[in-house]
1. Which residues, counting only those in the range 388-402, are surrounded by fewer than 18 Cβ atoms within 10 Å (Cβ to Cβ) and out of contact with any helix residue (DSSP H, G or I) (no Cβ under 9 Å at 6 or more places or on another chain)?
2. Within the range 56-92, take every residue that is part of a strand (DSSP E or B) and of a type in the set (D, E, K, R) and give me the one that is surrounded by the most Cβ atoms within 10 Å (Cβ to Cβ).
3. Report yes if some residue within the range 566-574 is crowded, with 17+ Cβ neighbours inside 10 Å and over 23 Å from residue 173 (Cβ atoms); otherwise report no.
4. Among the candidates 238, 150, 154, single out the residue that is crowded, with 23+ Cβ neighbours inside 10 Å, part of a strand (DSSP E or B) and under 19 Å from the mean Cα position of the chain (by Cα).
5. Pull up the range 466-493, narrow it to residues that are crowded, with 16+ Cβ neighbours inside 10 Å and either basic (Lys, Arg) or outside any strand (DSSP E or B) (or both), then point me to the one that is modelled with the highest pLDDT.
6. State whether one or more residues within the range 610-621 are of a type in the set (Gly, Ala, Ser) and surrounded by fewer than 17 Cβ atoms within 10 Å (Cβ to Cβ).
7. Only one of (1) under 12 Å from the mean Cα position of the chain (by Cα); (2) among the small types (Gly, Ala, Ser); (3) under 18 Å from residue 386 (Cα atoms) is not met by residue 140, so which one is it?
8. Which one is surrounded by the fewest Cβ atoms within 10 Å (Cβ to Cβ), of the residues in the range 522-541 that are farther than 16 Å from residue 44 by Cα and of a type in the set (A, V, I, L, M, F, W, C)?
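The values are calculated or read from the model by the stated rules, or taken from the named source; none is laboratory data. Just so it is clear, the structure is predicted and the values come from calculations on it, not from any experiment. Cβ placement follows ideal geometry from the backbone for every residue including glycine, while neighbour counts extend to all protein chains displayed.
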Amino acid sequence: MVAMKKLLISATLFFTVGSLCAQTGDTVRRAVLEEVTIQSKSEGVKRMAGAVNGNEIGQDELFRAACCNLGESFVANPAVDVNYNDAAVGARQIRLLGLGGQYVQMLCEGLPMAGAVAQPYLLGRVPGAWMRSIQVSKGSASVKNGPQSITGQIDVEYLKPDEEQGLLVNIYGDNRAKSEGNLVGNIHLNKYLSTEVLGHYEKDWMHHDMNGDGWVDMPAVEQLHVQNRWKYRRGRYIMHAGIGFLDEERMGGVMSQVMGDRPWVDLSADALEAYMKHAYLLNREHNTNLAFMGTAGTQGLEGWIGTGPQGWKHYSEGQQHFSSQLMLEHDFSEAHQLSTGVSLSGEQVWEYYNLLPEYNLMETKDITPGAYVQYTYKPSYRLTAMGGLRVDRSSRYGRTYITPRLHLKWMAADWVTLRASAGKGYRASHALAENHYLLASGRTLVIDPLEMEEAWNGGMSAAFYIPVGGRTITLNAEYYYTDFQHQTVLDYDSDPTVLHITNLSGKSFSHTFQVDATYAFSDEWEVMAAFRYNDVRCTYGGVLMEKPLQSRYKGLLTVSWEPMMALWHVDLTLQLNGPGRLPQAYSTADGSPSWDETFPAYPQLNLQLTRDFRHFSVYVGGENLTNYRQPVPVVEASNPASTHFDPTMVWGPVMGVMGYVGVRMNFWRIQ
C-alpha cells in the first residue's frame, strides 16, 4: 500500500510540475461521436439531438446546487435518484429506470470508468468543479461503448485543456464541518499543445450522531484526487492524454470508537489511472475518421469492518484493468452513415475476506475482445434510425455474447418528437467487491457462483413543444420496461439472519413511467415539475416480490429565479419520495415483527442563493430543509454482535438539515 502511494504521488508530480513549468480546436470525442456536441457556452438542461433518448446537463444546471461530486449532481434531475446503501461505509448508488447504478454504464468522455473495486464509491470520486457537462442516456445505448449498458449511460465531460487559459478555484464548507477545495488550471504551451491540472481535496473534520443511537451517521471521508491532462491538435490529427491518482480514507461506526486505534469502519483506497485518445480525419467531405481510445489503471482497497458474531472482518481487494478501442466512421451521404470498430478489454480482480474460505484468496481474470457495426439512416431531418450489433467473447465465462440495439426518432410535427428503443445488455458482476458494504451487517453472508447478467430493455418517449403565452412548454412522457434473463440477486427476505447473493431463479423486471414539464414564465422565472412511477419486482426464495428499500414513486418540483440581469440566482428543489417495501422482518421475543412491512413517503427541500460578480460567485444554501430522517437507520444498534444487527437497510436520509457556503473564483487570461 505504501509503495503504491509513492508511485501515485511520484507519477502525478512529474506530470504536474512538467506542465506548470513549461512556457507559454475540437476534442477526440467530437470528431468521433456525433451524439454529443460540446458548446462554448454552458447551458442548463437540453435534450440530446440524436436518436437516443436523454438529456445533457450543462454547468448552469450543475451550479444550481453545491454539486460537490457526481453523486450530488442529480438533485434536480427527475430521472436519476441517488441514495446511500448503508449507514456504515457510506456507499452511494444511483438508480435509473428503477434499477441500481450497476446497470448504468459510467463513462468519462467516452471511456469506461473503472468498476468492481470502485463501484460503491464511484459517484464521490468525480468532483463537481471539474465537470463541464453530463450526458444521461436512457435505455439501451449505442453499441460503440460495449454491451454493459442495460438501463442507460452517464457520460461525464470534464473542462478541457484548450479552453481559455486561466485558473478556476472552488472552496466549500458546511455546518457538518466538511470542507472542500477544487482547482482547474490550464496553460496553452503553443498554438497546438495545451495542458491542464485538476485538483480536489475534501475532509470531514467531525463525526456526527444526530439520532443518538451511538453510531456515526455517515463515515468521515478524506480524499485527495489529482489529474494532469493534455491536448494536441495540428491539422487533421487530435490527441488527448492524461494521468491521475486518488487517495481516500473512510472512518465510521461506533461513535465511542471512531477516534480510537481501530475504528469500527476503517477503509483506505487508492487508484492510479491513465488514458489516451488519438483521432485522424481522413476525408472532410465524408467525415471519414479513424480513432483509437484507451485507458488503463490499478486500484485497491484495504478495510476493517467491526466486530460481528464471528469477530473482526478484514477485507481487501485490488484491480488492474485496461480498455482499448479502434473505430472507423464514414458518411456515405447525409442519409447514410456507418461506424465500425474493434475493442479489447481486460481486468484482473483479487479479493481477500477472512471470514469466507472461498475468498481467501479469490482471483478472477477476464479478457474480452469485441467488434461492432452501427448504421444510421437519416432520409430527412424528421426521421433517424440507428441500428447496431456487436459481438464480444468473455474468457471468464467462456461464452460469446451478441448485443443487438435499435433506436428510432421521428419528428411527427414541428411540435412533437417521438423516440423508441430496444436492445440487449450484458454485465459481469463481482459480488463482494461491488457489495462489500454488506460486511457491516451482522447477518451471515452467503455468495453463490454467479452467471453473467443479461437483460432486454425497451422504451418509448414523446416530447411536446406547446406554445403558451409567447413561450413554450416542454412536455415529456416516457415508458421503459426492463426484463432480466439472468441477474445477480441480493436476497434480504428468505432468512432475516442471512444476506444471500445468488442467481435469479424466476422473474425479474421493472416498469418505469415518467412525465415532466418545463416552462419559463419570463426571462427570470422557470419551473419544472415531474412525476415518476416505478414497478420493480424480483423473485426472492421462489416468490415474486416488490424490490425492497426503494420508493414506488417520486415527485419533483424545481423553481429557478434569476433577477437583476441574472446576477442573482435563486434555486429551489422540492422532492416527494414515495413509500416502499421493507425486507421480511424477524420476530421479537413477544412474537411481533421487528419492523413494519413498508416505509412511508417523505419530503425533501433544497434551496440555494448565488450572487455572481465579475471574477467570482458566492453561493449559500441548505439541503433537506424539511429535516426528515429515517427513524432507525441502524437495526439493533445497541448490539452489533447480534445476527440481527444491520446498518444496510437504508431507504431515506440519515442526517438532517445541512447548510453550506462556497465561492467559485475565476482567474482568467493568465499571461
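1. Start the filter on the range 388-402 by keeping residues that are surrounded by fewer than 18 Cβ atoms within 10 Å (Cβ to Cβ), which leaves 389, 391, 393, 395-400, 402.
Once the filter is applied, which keeps residues that are surrounded by fewer than 18 Cβ atoms within 10 Å (Cβ to Cβ) and out of contact with any helix residue (DSSP H, G or I) (no Cβ under 9 Å at 6 or more places or on another chain), the range 388-402 yields 391, 393, 395, 396, 397, 398, 399, 400, 402.
2. Of the residues in the range 56-92, the ones part of a strand (DSSP E or B) are 56-58, 69, 80-84, 92.
Filter once more, keeping what is of a type in the set (D, E, K, R): 56, 81, 92.
Details: 56: 24, 81: 20, 92: 20.
Going through the qualifying residues, I end up with 56.
3. Scanning the range 566-574, I find at least one residue that is crowded, with 17+ Cβ neighbours inside 10 Å and over 23 Å from residue 173 (Cβ atoms), so the answer is yes.
4. Details: 238 fails: under 19 Å from the mean Cα position of the chain (by Cα); 150 fails: part of a strand (DSSP E or B).
From the options 238, 150, 154, the qualifying one is 154.
5. Filtering first and then ranking leaves 487.
6. We begin by selecting, within the range 610-621, every residue of a type in the set (Gly, Ala, Ser); these are 617, 621.
Of the ones still in play, those that are also surrounded by fewer than 17 Cβ atoms within 10 Å (Cβ to Cβ) are none.
No.
7. Just one mismatch for residue 140, condition (1).
8. In this case the residue turns out to be 531.
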